[in-house]
């Protein structure tokens with residue numbers, strides 16, 4: 001065996017050991033070495049995209065999530081609202097592997113236990129997350145940002161200097177149209193408006209073809225026109241993807257729910273109310289802790 005192969009083997013063994021050390025049992029932070037994970041395609045045959053059961057997360061005695069249970073169906077657009085500190089971000093952290101809960105279950109489809117996977121593995125199987133502040137490559141063009149995000153090869157060098165196929169070019173063009181940036185394809189991303197950068201980041205997620213999109217206050221800082229266009233974008237994605245949108249802008253939530261979809265209200269780490277927007281807005285407890293009179 002050559003020294004190069006020996007070095008590569010040692011590196012892979014070390015990486016494998018680190019991955020195993022990061023894995024946890026469902027329902028706890030204690031490391032588990034008894035179960036090996038083979039990542040496969042999530043099973044959506046039962047119509048459920050995301051399933052959280054009895055999730056509890058404590059930080060220095062404070063329960064950021066308190067026996068939280070939530071179900072999101074395949075192709076559903078679910079809005080999550082609630083006051084600051086309600087546990088919305090911690091919930092997303094648990095889904096994406098950033099935070100390990102003390103107790104509970106988090107399943108993607110009926111077969112993928114997300115608590116047994118690392119952050120990169122969760123992203124790889126089709127869970128995409130957008131944070132409130134847009135993160136794009138500001139020195140590159142809009143087109144190049146989307147090119148880098150191609151699902152089949154995320155390596156920057158390969159994406160930037162390889163020849164794109166016709167299918168890939170068509171996909172980039174489709175996403176450019178979807179995110180309202182076709183006329184800005186060659187513009188440097190750093191010169192875009194705040195709202196356009198938000199769209200670009202959403203487009204980068206879509207290039208990876210996620211099955212579940214987690215979107216944290218996506219219209220914060222947008223103009224009214226940009227907010228309306230973002231609502232149109234999300235509604236066009238509904239059915240093709242499952243979306244969980246955390247938002248404080250009730251006008252935007254109303255656009256997304258169209259008066260008929262389920263809205264979930266979180267408070268003190270648990271579900272306070274759930275139902276149509278008009279119903280939760282009329283809920284006395286929701287008014288007291290969040291909306292006000």
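The values are calculated or read from the model by the stated rules, or taken from the named source; none is laboratory data. In this text the structure is predicted, and so the values were computed from the model without any measurement. FYI the Cβ positions are ideal-geometry reconstructions off the backbone, even for glycines, and counts take in every protein chain you see.
Could you give me the residue pairs with C-beta distances under 8 Å whose first residue belongs to the range 161-174 and is more than 14 Å from residue 146 (Cβ to Cβ) and in the same structural domain as residue 150 (by TED's automatic domain parsing), whose second residue is at pLDDT below 95 and surrounded by 13 or more Cβ atoms within 10 Å (Cβ to Cβ) wherever it lies, and which are 6+ apart or on separate chains?
162/153
Of all residues being surrounded by fewer than 19 Cβ atoms within 10 Å (Cβ to Cβ) and in contact with a strand residue (DSSP E or B) (Cβ under 9 Å, 6 or more places away or on another chain) in the range 134-149, which is farthest from residue 45 (Cα to Cα)? Just the residue, please.
Looking at the filtered set, the residue picked out is 139.
Of all residues in the range 93-106, count the ones that are surrounded by 21 or more Cβ atoms within 10 Å (Cβ to Cβ) and within 19 Å of residue 211 (Cα to Cα).
The total comes to 4.
So, of the residues in the range 153-164 that are surrounded by fewer than 17 Cβ atoms within 10 Å (Cβ to Cβ) and in contact with a helix residue (DSSP H, G or I) (Cβ under 8 Å, 6 or more places away or on another chain), which turns out to be modelled with the highest pLDDT?
Initially, the range 153-164 is screened for residues surrounded by fewer than 17 Cβ atoms within 10 Å (Cβ to Cβ), giving 153-158, 160-164.
Those still in the list that are in contact with a helix residue (DSSP H, G or I) (Cβ under 8 Å, 6 or more places away or on another chain) too: 153-154, 156, 160, 164.
Numbers: 153: 50, 154: 50, 156: 48, 160: 53, 164: 81.
Among those residues, the one meeting the criterion is 164.
Please verify whether residue 199 is buried (at least 22 other Cβ atoms within 10 Å of the Cβ) and either modelled with pLDDT under 95 or at negative phi (or both), treating the condition exactly as stated.
Criteria met by residue 199.
Here are some residues: 169, 176. Which one is at pLDDT 95 or above, over 16 Å from the mean Cα position of the chain (by Cα) and either farther than 27 Å from residue 83 by Cα or crowded, with 20+ Cβ neighbours inside 10 Å (or both)?
So the residue among 169, 176 that is at pLDDT 95 or above, over 16 Å from the mean Cα position of the chain (by Cα) and either farther than 27 Å from residue 83 by Cα or crowded, with 20+ Cβ neighbours inside 10 Å (or both) is 176.
With (1) surrounded by fewer than 24 Cβ atoms within 10 Å (Cβ to Cβ); (2) touching a residue at least 40 places away in the same chain (Cβ under 8 Å); (3) out of contact with any helix residue (DSSP H, G or I) (no Cβ under 8 Å at 6 or more places or on another chain) as the list, and residue 70 as the residue in question, which single condition is left unmet?
Result: residue 70 passes all but (3).
For residue 117, which of the numbered conditions (1) within 23 Å of residue 208 (Cβ to Cβ); (2) buried (at least 21 other Cβ atoms within 10 Å of the Cβ); (3) touching a helix residue (DSSP H, G or I) at 6+ places or on another chain (Cβ under 7 Å) fails to hold?
It is condition (3) that residue 117 fails.
Out of the residues in the range 30-63 that are exposed (fewer than 14 other Cβ atoms within 10 Å of the Cβ) and assigned to a strand (DSSP E or B), state the one that is modelled with the lowest pLDDT.
31
Looking at the range 93-132 only, could you name the residues that are under 15 Å from the mean Cα position of the chain (by Cα), more than 26 Å from residue 61 (Cβ to Cβ), in contact (Cβ under 8 Å) with a residue 24 or more places away in the chain and not in a loop (DSSP other than H, G, I, E, B)?
Correct list: 107, 108, 121, 122, 123, 124, 127, 128, 129, 130.
Can you tell me which residues in the range 64-92 are over 15 Å from residue 276 (Cα atoms), assigned to a loop (DSSP other than H, G, I, E, B) and modelled with pLDDT of 95 or more?
74, 75
The rows are residues; the columns are (1) without any contact (Cβ under 8 Å) to a residue 40 or more places away in the chain; (2) outside the structural domain of residue 196 (by TED's automatic domain parsing); (3) in a strand (DSSP E or B).
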position	(1), (2), (3)
230	yes, yes, no
233	no, yes, no
243	no, yes, yes
248	no, yes, no
252	yes, yes, no
256	no, yes, no
261	no, yes, no
264	no, yes, yes
271	no, yes, yes
